[in-house]
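Visitor: Quick one: the structure is below, and I'll ask about it shortly.
A short reminder: the numbers here are calculations on the coordinates, not readings from a lab. Treat the numbers as computed from the prediction; the structure is a model and nothing was measured. With ideal geometry, Cβ positions are generated from the backbone for all residues, glycine too; neighbour counts draw on all protein chains shown.
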Amino acid sequence: MKLTQKGTKQSSKSATATSKAFTEEERGAIRDRVQEMKAGKGEGESAVLAKIAEMREPDRTMAKRLHAIIRETAPGLTPRLWYGMPAYARDDKVVCHFQSAAKFKTRYATFGFSDKANLDEGNMWPNAYALKGLTAAEETRIAALVKRAVG
């Protein structure tokens, strides 16, 4: 048995089951988040641009374009990493983020919004969008969503 931080005992079997509950990609995102919390503030934009530069195509191009759209549309949002993903926050609370397809080995990238985004529409509304490419139409829609999210 091993001792957890709170001083209670946790069986090795339970610890193993917990570690198997997450994929390697999910554990990587958790490690990324721990590092982000340790790093604190101050490296936002450079960290986001470095993360975007690491992405494979076509996600890199989409992430660069999204970054520009968000910075133009909502200059009050602060770029930062969130679970290793480019994200944009207000008052240190993430409003929207970009998840590359490679992050969790999915077939498409995702642009999503947190509960801090002002996108409520009745009892149900979308909070994430699959992205396989960006045309002028998608860029216009994303700019409008970001503007509404921070409005």
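Visitor: Over region 44-150, how many percent of alpha carbon pairs lie in each 10 Å bin up to the one with the longest distance?
Guide: 15, 52, 30, 2
Visitor: Another question, then. Size of the dipole of region 101-151 about the Cα centre, Lys and Arg at +1 and Asp and Glu at -1 on the beta carbon, nothing else charged, in debye to 20?
Guide: Charge dipole, region 101-151, about its Cα centre: 280 debye, nearest 20.
Visitor: Region 57-108: which chymotrypsin sites (Phe, Trp or Tyr not before Pro) are DSSP loop and have at most 15 other beta-carbon atoms within 10 angstrom?
Guide: Of the chymotrypsin sites (Phe, Trp or Tyr not before Pro), the ones in loops of region 57-108 whose Cβ has at most 15 other Cβ atoms within 10 Å are Phe104, Tyr108.
Visitor: A further question follows. Quick check on my link table: of Lys20/Lys132; Lys51/Lys116; Lys105/Lys147, which ones sit more than 26 Å apart, alpha carbon to alpha carbon?
Guide: Going by Cα-Cα distance, Lys20/Lys132; Lys105/Lys147 fall outside the 26 Å limit.
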